[in-house]
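Shown next, in structure tokens, is the structure this report addresses.
The values are calculated or read from the model by the stated rules, or taken from the named source; none is laboratory data. Computed from a predicted model, the values in this text were never measured in an experiment. Counting neighbours? That spans all protein chains shown, and the Cβs are built from the backbone with ideal geometry, glycine included. The protein model used for the area step is the full one, side chains on, heavy atoms only, and it has no ligands, DNA or RNA in it. Shrake-Rupley method; radii C 1.70, N 1.55, O 1.52, S 1.80 Å.
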Amino acid sequence: MSDYKIGILTIGYNRANNLLRLLNSINAATFPTDDVDLLISIDNSGTKDVENAANSFKWLHGRKKIYTYPERLGLRKHILKCGDFLDFYDALVVLEDDLVVAPSFYMYVLMTVNKYIENNNIAGISLYTHLWNHNAGLPFTPCPSMYDVYFLQMAQSWGQVWLKSQWKDFKRWYEENKEFDKADDFPDFMTNWTKSWLKYHNKYCVTQNKYFVYPYNSYTTCFSEAGEHSVVSVSNFQVPMMFGNIETLRLPDFNSNDAIKYDIFYERQGLEKFFRLHDGELTVDIYGKKIRQVKNRKYLLSSRVLPYKVIKTFALQMRPQEQNIIYDVQGNDIFLYDTEIEASKSQGNDEENHYIYYHRIYGNTRLLLKTCFKLIIEDVHIAIIQKRKKYKK
């Protein structure tokens with residue numbers, strides 16, 4: 001049980017069947033009490049289909065409240081307006097209509113809210129766990145630990161908990177920071193989102209050094225069906241959900257030495273200690289996407305071949321990727337640079353091995369792919385030589 005008042009907010013627009021699928025999964029979950037408020041907020045789509053579906057739904061665990069609007073709000077304005085419901089709750093579970101929840105999602109919510117609601121390092125709590133690095137377009141595996149959650153400097157929209165005090169801080173920041181420009185500490189692909197409210201919450205996390213709590217086992221999954229974010233349905237963001245009931249969770253203190261933390265680029269934080277460096281001396285860029293952060297700090301750990309002095313090299317073999325650093329696995333895939341000392345690009349990495357490592361390609365397919373990579377590289381090399389010869393003529 002919790003001493004805090006926690007509501008469940010579902011968000012719909014023009015997909016009645018999707019909303020009912022979500023509501024039915026919530027109804028089937030485990031609740032320690034039948035005194036839970038269910039809020040259904042429906043943007044104006046010009047029809048009554050979604051509202052009729054919401055009215056027909058029988059909520060078994062408390063009071064049901066339906067909110068509609070006389071005019072279309074649009075996704076960003078609708079989501080941000082829903083934050084005002086926190087005037088009446090200490091925390092809100094926020095679920096858009098392309099999600100379903102695990103049976104134990106509410107028990108997870110109760111325990112994490114009790115642990116983190118008063119921690120100002122925490123901007124919110126995710127119910128979803130990422131298995132994909134959206135910035136790099138590659139798989140992501142959070143490093144397992146003795147705990148059931150880790151910390152990621154990224155807000156969530158595929159199932160999240162907003163905490164009253166933390167959300168109010170974000171809203172104040174948002175009102176003063178609506179202009180959105182590219183920045184060294186923020187992924188470009190998020191900057192280019194046009195309809196998103198989430199990119200502002202992400203930018204808030206980065207600029208204010210806040211984190212979301214993330215579960216290793218997901219309590220939601222996402223259908224990513226055609227709608228405001230996508231013109232087609234995809235299954236790329238479906239993840240395995242926790243199944244069955246939970247009684248306890250192992251939840252770390254935010255400042256615990258054992259707590260696992262990642263930045264918004266999905267790069268592990270705290271790797272300085274494995275090189276006996278001070279905090280703030282190392283930029284971690286194993287995915288190779290921190291293009292504008294190369295010389296922000298003296299030392300750089302990257303998979304990219306760059307013109308700086310190489311201090312040490314590592315392989316890409318262990319999973320997750322940072323384990324190669326922790327266990328000092330020697331190879332030629334990841335480089336520790338001193339960015340204050342320039343050098344020629346004498347080293348080279350195995351680019352096809354990067355692809356094979358992240359996409360888990362084995363056996364004959366692996367050999368075939370390596371051959372294809374070599375042929376492609378040779379063709380490019382020949383084309384460059386021919387172009388140079390033609391230019392000299």
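Has the range 290-299 got at least one residue that is closer than 20 Å to I260 by Cα and touching a strand residue (DSSP E or B) at 6+ places or on another chain (Cβ under 6 Å)? Taking every residue of the range 290-299 in turn, none turns out to be closer than 20 Å to I260 by Cα and touching a strand residue (DSSP E or B) at 6+ places or on another chain (Cβ under 6 Å). The set of residues in the range 155-166 being in a loop (DSSP other than H, G, I, E, B), among the hydrophobic types (A, V, I, L, M, F, W, C) and open to solvent by less than 10 Å² (accessible area, probe 1.4 Å) consists of A155 alone. With respect to the numbered conditions (1) outside any strand (DSSP E or B); (2) touching a residue at least 24 places away in the same chain (Cβ under 8 Å); (3) under 23 Å from the mean Cα position of the chain (by Cα); (4) within 21 Å of E322 (Cβ to Cβ), which one is the sole condition not fulfilled by S224? Here S224 clears every test but (4). Within the range 126-142, restricting attention to residues that are open to solvent by less than 10 Å² (accessible area, probe 1.4 Å) and more than 26 Å from S165 (Cα to Cα), the residue that is nearest to the chain's Cα centre (by Cα) is N133.
Restrict the check to the range 12-28 and report whether at least one residue is touching a residue at least 24 places away in the same chain (Cβ under 8 Å) and assigned to a strand (DSSP E or B). Taking every residue of the range 12-28 in turn, at least one turns out to be touching a residue at least 24 places away in the same chain (Cβ under 8 Å) and assigned to a strand (DSSP E or B). Within the range 184-196, residues that are more than 16 Å from A136 (Cβ to Cβ) sit with their Cβ atoms under 6 Å from residues that are open to solvent by 50 Å² or more (accessible area, probe 1.4 Å), at 6+ positions apart or across chains, in these pairs: D184/R292. Taking every residue in the range 128-145 that is at pLDDT below 95 and part of a loop (DSSP other than H, G, I, E, B) and pairing it with any residue that is acidic (D, E) and open to solvent by 10 Å² or more (accessible area, probe 1.4 Å), at least 6 positions away or on another chain, the pairs with Cβ-Cβ distances below 9 Å are N135/D188.
Looking only at residues that are basic (K, R) and over 19 Å from H359 (Cβ atoms) in the range 309-324, which one is most open to solvent (accessible area, probe 1.4 Å)? So the residue we want is K309. Quick test for you: out of G244, G270, pick the one residue that is modelled with pLDDT of 95 or more and at positive phi. Checking each option against the conditions leaves just G270.
Looking at Y89, is it at pLDDT 95 or above, of a type in the set (F, W, Y) and buried (at least 16 other Cβ atoms within 10 Å of the Cβ)? Yes: the conditions hold for Y89. If the condition is being under 13 Å from I264 (Cα atoms) and hydroxyl-bearing (S, T, Y), then the range 182-199 contributes only T191. Among the residues of the range 261-271, those identified as open to solvent by less than 20 Å² (accessible area, probe 1.4 Å) and touching a strand residue (DSSP E or B) at 6+ places or on another chain (Cβ under 7 Å) are Y262, Y266, E267, L271.
Listed by first and then second residue, the pairs with beta-carbon distance under 6 Å, at least 6 apart or on different chains, first residue in the range 46-74 and closer than 13 Å to G12 by Cα and open to solvent by less than 80 Å² (accessible area, probe 1.4 Å), second acidic (D, E) and in a loop (DSSP other than H, G, I, E, B), are L73/D43.
Residue count for the range 272-308 satisfying the condition of being surrounded by fewer than 14 Cβ atoms within 10 Å (Cβ to Cβ) and out of contact with any Ser or Thr (no Cβ under 7 Å at 6 or more places or on another chain): 8. Within the range 167-199, restricting attention to residues that are open to solvent by less than 10 Å² (accessible area, probe 1.4 Å) and part of a helix (DSSP H, G or I), the residue that is farthest from N114 (Cα to Cα) is M190.
Among the candidates A123, A102, the residue that is crowded, with 24+ Cβ neighbours inside 10 Å and within 17 Å of L38 (Cα to Cα) is uniquely A102.
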